[in-house]
Each structure stands twice: as structure tokens, then as C-alpha cells.
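Every number here is computed from the coordinates shown, using simple stated rules; none is lab data. As the structure is a prediction and not an experimental result, all values here were calculated from the model. Quick reminder, even Gly has a Cβ in these numbers, built from the backbone with ideal geometry, and neighbours come from all protein chains shown.
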Amino acid sequence: MFYPDEIIEEVRLHNDVIDVIGSYVHLQKKGSSHFGLCPFHNEKTPSFSVSKDKQMYYCFGCGAGGNVFSFIMAYENYSFVESVKYLAERAHIELPEPEVSEEVKKAINYKQRLYDANRLAARYYYSLLRKDVGKRALAYFQDRKLSADIMKQFGLGYATQFRDDLYKYLQKQGFLDQELLDCGLLLEDKKHKGEYYDRFFNRVMFPIFDVHGKVIAFGGRVLGEGQPKYLNSPETKLFDKSRNLYGLNIARKSRESFMIVVEGYMDVIALHQAGFDNAIASLGTAFTSGHGQLIKRYVDEVVIAFDSDGAGVNAALRSIPILKSAGLIVRVLNMETAKDPDEFIQNQGVEAFQTLLHNATASFMFEIKQLSKRFDLTDPEYRTRFSEEVAKKLLSIEGKIERDNYLEAIVSQYHMSKSGLYELLAKHGNNVGIAQRTPQTMSRDMGGNSHKKREEGTVLAQKQLLAILVSNYKIFNGVKDIIQPEYFTHDTLQKVAYIVFDIYKTKQEIEPADIMRRFTQIEDQKMIANIFSEELKVENQQQLEKLLNDTIRNIKGDYLEQKRMNVNDPSGLMTLIQEKKALLNFYLHLDEIDRRD
Ligand SMILES: [Zn+2]
């Protein structure tokens, strides 16, 4: 732990889970819990539950779960310590200096060193842009019509053509080679081991901020004709490309209900300067589902405004399904009269761009349009093939109403026969139905790895047994002589089991918070929330009794089996056989323990 337990507990008690999560997710009370749409997966009906009594959340859809700290860690991408700090501040609680082991202190300090190096590098580049040496770079930005204000807002800078300029500067500030390598600011000379030089030189510089406004990386565009034109920091301890988007630190605060997705840094900056503070770009990679989910935290809709050339269109076609799968409504800007948003706004002005946004095409119609370009629609044969492709595409839409709406739109736009298209739908609908259900699903079900399945079964049994034990002291009391914490082979579950056995020594009731506070990893907390939330699929006492005895048999049976493989001496083997016999004869009747008091 980094802070004393009592402090963490105080912070937790002053941050009611309903208040905190309610400020991120719209929650509605239903029975003893509050429900809302899960922020961690895409869904249309709420399966994300928050319990005031248990002070925890759990998603029945994706299994995300934990307490108020885990929520902040997952949502804001914070470490445990950061989430404690954040919630302490929210509740106006003053934190003492953290109480940390040397090792942890080192790790935290090291990360802070990397942030510091990045911040100083950004400041250094920023100052160079405004000096004599940065004249050419400044002229480059001014040519692109960027104002001094916007350059300041985005912290634009300049890396000189000297290959050790930043290196020397940061060395003077006391940074070590390893730190600068780990920031991605330095490269090692391939011919001279142990010699380093700046990753970025002779480039205009774009610092990359995380959502909290900290500099985590850089992008640089070469001045003149060098290669590569754009260069990005590599992934580092601070910089994960799939969890960050350029401009998101500003766009997430925009009042617009959608975001504009563009291709590069300059497009983002140009749009922000023109008043579109909701523009973002990926950082030199294709869009991932992680990006989609990140965007979905803030808005429900995106408008893709990539370059109008072939590469831009292909990138849009690739991004549409990814963004849609995150549950975003996706529209595409029709910008055929200009190369990119920057050029469009410079030539035709802000208002024209506003109109363009307003008229952005639904992504489905954009896909159909690109499809139509592959066929010569004046030729009857190609026209038929186009119709077939359209029908297949229409079938990918799940909702009937939505599908019919698109069908109407396509019929009128491409002058197609409505009844003909319906016929094709029926024909392909059948084919698709059959084709999808046979080969793939069968091989997935039958070719499954039985060893893996068995392992999953054991973990499930361990979870179920713990779920029974944490909620019922009497049952625990009835089985504590036959089951031991060490029988739980899953790491986290074993820790939980030890804690449960420990708490029951002095109390007869277990609160989720009491267990959860001892874990700081999101994955562990998720698992614990799962234990406390997952409804055991039992309808009555008999079923509960059966589940209890089955899980005990399963877990202890596995444990004994494992042990048998490592036992060689006859007496040890004897004991094992007796234990196995005892297990076979063991059966706990629930009505018996009720009478035991
Ligand atoms: Zn979920």
C-alpha cells in the first residue's frame, strides 16, 4: 500500500460510489441497485450495475467491476495511487506523504522523471521556435496560417538540425541516458554503442498530450525534403498509441455532441483554429477498437473527415466498421472539392465547412457509394453484380427498419428496382443464414482445447464456492474443515480465500470493501466484484446445496490429484487415499447446518 489503510478507507467512505460513477454514467435506480449503460463495452440496454450497499459496481455484460477506486482507474486510465489522489481531492481530504516501499517509490519516481523529461523537452522545443534559430520553422507554421494563439495552445515547437541539441540540454538538467531512451527522445548510434543522438532534429514539433494534458510523446514533421516526412515517438511507458488520440485533451471538453476524426496533426490544429474544438486524430496508426471505446466515453457520434484521395477513402472504409463496433454513429464528410479539411476551410471558409459537417453522409451510404465506383453502372451485367453486392451489404444491417430505410435511399439514389432488391435480399439472406451457421461455429465449438476448458471449469468452481462462502458464515463454518485456502489454485482467488478465512476468525459477516481494499490491480478487483455480484444460478436451497457440494468435490479433488503426482512415499500416498475417500463420503446438508447454531 502507498497510503495507510485508514486513509484509503477514509477516501473511499467520502466518495460514495453512486455519486462518483453517477457523474460519469447516467444511472437509474432499479430495485436495490442502480443501472446504466456500461462505459467499458458497447451496449444498448443497461447491464452495468452499481450497488450503494456494497459500494461497488459490476457489469453483467462484460464483467467489468470493482469499487470506486477501480472505476476511476479504469475510466480515467489512472494508477491506484493516482485514483486515490483524485478522489481525495474530490472529497477535500488532505493526503499525507505516501508511505511506500523503496521499490514502489522508485517506480513512481521513475515515471515522474519521464514525464518531467517530456515536459522540459516540449518547453525547450517551444522556446526554440520563437528564437532566431527557429525562424524557418515559424515561417512554416505561419505559411499554414496558424495564429500565435493556436501555436501556443498546442505547444508547437522546433527541433534544430543539430543532432544532440536536446540531448545536451536535458543532460544539463540532470537526466540520464537511460531515462531519455525510455522517453523515446534518444536513439543509440548503431555503429558506436553507447553513443546517443536526438530522435528528432530539423523538424517542427507537435507535443502529444494525454487526456489530462501531460506531454507523453512527440510528433515531428521534417523541414524541407527529408525522410520520413512525419516521425512519431515510439511506444513507451507513458505512450500507448491505442489509448491516446491527438487533440482529445481539448476535444473531450467540447460542447459538440460529436467528434471530427481527421488524418493528421495539422488538420486537427487547423480545425481547432477555425473553431471546431472537437477535432481529433489517431497518432500515426490505424483506428483500433480501443480508440473507438475511448471516443465513446465522451460522444456517441463521429464524422470522418479524412483526405479526399484514394488513401483517405480506403482509410475511411477501414475505420468505419471499427468505430461502429464501439457503438458510435459514423458519418463521412463529402469533401471532394478539397484535398483535406485544412485546405477546404482555407479556400471556402468556416461556414461552408459547417454545412459540410451538417450534410455528412451516413457511413453506410458512403460505403455503397465507394462500392458503386467499382462497377460501370451503365453496363447491365455490372449493374446486376452491383445489386448483388448491395443486397449482401444490406444484410449486414441487423435492424429491419434501418435496413428498409437504407434500401429506400439506395433505390432512389441509384435508380434500382425495389422489388428486385428485395428478391436479392431474400436469396442472399438464406445463403448467409446457412453459411454462417455451419463451418465456423462448429469448428469453434468442437475443436476447442479441452485442457483449457477444464482449467476454466476449475476457476469457475473456485469462484462459485467463494461466492457462497463470502455470503454465508454458517456454510463456511460447515466446510472449513474440509476446504483450505491453499486448495484455490487461482492466484487471486487464493488470496481472497486466505482473507475470507482470516476475516471469519473474528467476524461473521464479510463486506466486499474489506476484501477489495487489499487489492490494487484492476483485474483482481474485477474478479472480486464478480464474486460478490454474479448471481449464482440457483433457484432454491437444494440447488445451492448441490452447487456447494459439487464445487467442493471439484476443487478438493483437483487439489488431491495434483498432490498425488508429487507424492512418492507410501505413507504419504496412504494419507492421500484416505483423504480422497473422505471427500467421496463428504456431503454437507444445508438443513443440518441451519439446526447447528
Ligand atoms: Zn460492460
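Cα centroids of region 1-47 and region 498-575: how far apart, whole angstrom?
When both Cα centres are located, 26 Å separates them.
From the phi of every residue in region 322-333, what ³J(HN,Hα) in whole Hz does the Karplus formula 6.51 cos²θ - 1.76 cosθ + 1.60 yield, where θ is phi - 60° and glycine or proline is x?
After applying 6.51 cos²θ - 1.76 cosθ + 1.60, I find 5, 5, 5, 5, 7, x, 8, 7, 10, 10, 10, 6 Hz.
Find the all-direction average of the projected area of the Cα convex hull for region 237-394, expressing the result in square nanometres with one decimal place.
Working: hull surface 39.6 nm².
Across all orientations, region 237-394 yields a mean hull projection of 9.9 nm².
Quick check for you: which residues of region 330-344 have the amide N under 19 Å from the point 7 Å beyond the Cα of Arg144 toward its beta carbon?
338-344
With angles folded into 0 to 90 degrees, how steeply does helix 400-414 sit against the dominant principal axis of the chain? Use alpha carbons for both and round to 10.
The answer is roughly 20 degrees.
If you average the alpha carbon positions of region 341-379 and of region 213-231, how far apart do those two centres end up, in angstrom?
Cα centres, region 341-379 to region 213-231: 29 Å.
Per DSSP H run of at least 4 residues, take -39500 (n - 2.57); add these up for the chain, divide by its residues and hand me the 222 nm value, nearest 500 deg cm²/dmol.
Values: 27 runs with 327 residues, N = 597.
Estimated from H runs of four or more residues: -17000 deg cm²/dmol.
If you bin every alpha carbon distance in region 374-435 into 10 Å steps from zero, what whole percent lands in each bin?
Taking every Cα pair in region 374-435, the percentages come to 22, 57, 20, 1.
I'm checking a number: the convex hull volume of the Cα atoms of region 100-198, normalised per residue, in Å³. What is it?
Dividing the Cα hull volume of region 100-198 by its residues yields 119 Å³.
Stretched out fully, how many nm does the piece from Asp132 to Ser419 gain, at 0.36 nm a residue minus the Cα gap? Mind showing how you got there, number by number?
Values: separation 287, 0.36 × 287 = 103.32 nm, distance 7.06 nm.
Value of the extension gain: 96.3 nm.
With label points built 7 Å along Cα→Cβ from the Cα atoms of Glu6 and Glu82, find their separation and express it in nm.
3.0 nm
For Leu544 and Cys62, what is the calculated FRET efficiency with R₀ set at 22 Å and r taken between the beta-carbons, to the nearest 0.05?
Working: r = 27 Å, r/R0 = 1.21.
After rounding, the FRET efficiency stands at 0.25.
Please report, in whole Å³, the volume per residue of the convex hull around the C-alpha atoms of region 1-57. Working shown, then result.
Numbers: hull volume 5.4 nm³, N = 57.
Given the Cα convex hull of region 1-57, per-residue volume reads 94 Å³.
Give me the percent of Cα-Cα pairs in the chain that sit more than 44 Å apart, rounded to a whole number.
Values: 68547 of 177906 pairs.
Everything past 44 Å amounts to 39 percent.
Under 5 Å between amide hydrogens, which residues at least 5 positions from Leu283 or on another chain qualify, with H placed 1.01 Å from N in the peptide plane?
Close amide H contacts, sequence-distant or interchain: Tyr246.
I need the fraction of alpha carbon pairs in region 1-131 separated by more than 16 Å, rounded to a whole percent.
Numbers: 5848 of 8515 pairs.
More than 16 Å apart: 69 percent of the Cα pairs in region 1-131.
Round to the nearest 10 and give me the degree value, 0 to 90, for the angle of helix 491-506's Cα axis relative to the longest principal axis of the chain.
50 degrees
From the backbone phi of region 285-297, what are the Karplus-calculated ³J(HN,Hα) couplings (6.51 cos²θ - 1.76 cosθ + 1.60, θ = phi - 60°) in whole Hz, Gly and Pro given as x?
Result, rounded to whole Hz: 9, 6, 5, 10, 5, x, 4, x, 5, 4, 5, 4, 5.
Evaluate 2.2 N^0.38 Å with N set to the residue count of region 451-596, then give the Cα radius of gyration divided by it. Walk me through the numbers on the way to the answer.
Working: Rg = 15.7 Å, N = 146, 2.2 N^0.38 = 14.6 Å.
Normalised by 2.2 N^0.38 Å, the Cα Rg of region 451-596 equals 1.07.
Any idea how far apart Ile577 and His192 come out in nm if each label point goes 7 Å out from Cα toward Cβ?
Here the answer is 7.5 nm between the modelled labels.
Kindly write out, for region 467-480 in residue order, the coupling ³J(HN,Hα) from the Karplus curve 6.51 cos²θ - 1.76 cosθ + 1.60 (θ = phi - 60°), rounded to whole Hz, with x marking Gly and Pro.
4, 5, 5, 5, 9, 8, 5, 4, 4, 3, 4, x, 10, 5
Just to confirm the number: angle between the C-alpha axis of helix 363-372 and the first principal axis of the chain, 0 to 90 degrees, nearest 10?
60 degrees
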